[in-house]
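One structure is given here, and the rest of the page talks about it.
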Amino acid sequence: MDADTPTPLTAPLSALAFRRATVDDHARVVAAIPDWWGLPGTESLWRLLPRLFFQHFADTSTIVDDPHADGGLAAFLIGFRSQSSPDAAYIHFVGVRPDLRGHGLARILYERFFDEMRASGCRRVDAITGPGNHRSQEFHRAMGFTATGDTEVDGVLAWRDYDGPGEHRVAFTRPI
Ligand SMILES: CC(C)(COP(=O)(O)OP(=O)(O)OC[C@H]1O[C@@H](n2cnc3c(N)ncnc32)[C@H](O)[C@@H]1OP(=O)(O)O)[C@@H](O)C(=O)NCCC(=O)NCCS
C-alpha cells in the first residue's frame, strides 16, 4: 500500500506543541477517533480508550496541540510501561489529524516514546492493530516493528480471537 498523499502543511511541524496528556484531554481525543480512523467498523473504537488512560498513563502519553487551529488537537499517543513485564512498553493508540499525515509526525511521537521508555529501562515496544487497518500495519512496518499472528485474516497474518471471539489482531513488536 502506498502512503497517503500528504496534504501540504500550512505551518511547519515545529509550530506544534508537544505536552503530556491530562484527564481533560479525554473528551476531545475520543471525539476525534471516528473521523481520524475513518474505517468501517471503527465508529465505536473510542470505547477502547476510557478515561483511565488519561488518569493513570498520562505521564507516558503525549498530546500535540496545533496553535494554528485554535489550540485544536493535532495528534496524540497513548502508551505506558508494562507493570508485568518491566522490559516492555506498549503503545495503545496513536492518531494524527488527517491533514497533517505523511510529514513524519507519528514518527516523531514514536521516537520520543522509544527514547523515554529506553531511558526508563524498557527494551521493547509492543502494539496491536486490526487486520483491516492496513494503514496502521504499513506504518508499524516502516517504524521497524515485526508483525506476528497464527492465521490469515483477509490476507493479513493475525492472531485469531486475540481479544475475544471474532476480535482478531495483528501483534507488533520492536526492540528499542
Ligand atoms: C498511522 C498514522 C498514525 C501515521 O501517521 P503519519 O504522521 O502520517 O505517519 P508518518 O508521516 O510519521 O510516517 C512514518 C512512517 O510510516 C510510513 N507510513 C505512514 N502511513 C503510511 C501508509 N498509509 N502507508 C504506507 N506507509 C505509511 C511513512 O512512509 C513513514 O515511513 P518513513 O519514515 O520510513 O518514510 C496515521 O495515518 C493515523 O492517524 N491513522 C489513523 C489512526 C490509526 O490507524 N492509528 C494506528 C493504530 S492505533
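Each reported figure results from applying straightforward, stated rules to the coordinates on display, with no laboratory input. This structure is a prediction, so every number in the text was calculated from the model and none was measured. In this analysis, Cβ positions are derived from the backbone assuming ideal geometry, glycine residues included, and neighbour counts consider all displayed protein chains.
Where both bridge residues fall in the chain, DSSP classifies roughly 90% of the beta bridges as antiparallel. When each of the peptides 154-166, 101-113 is scored by how many other beta carbons lie within 10 Å of its residues on average, the order from highest to lowest is 101-113, 154-166.
Charged side chains reduced to their Cβ positions (Lys and Arg at +1, Asp and Glu at -1) give the chain a dipole of some 460 debye around its Cα centre.
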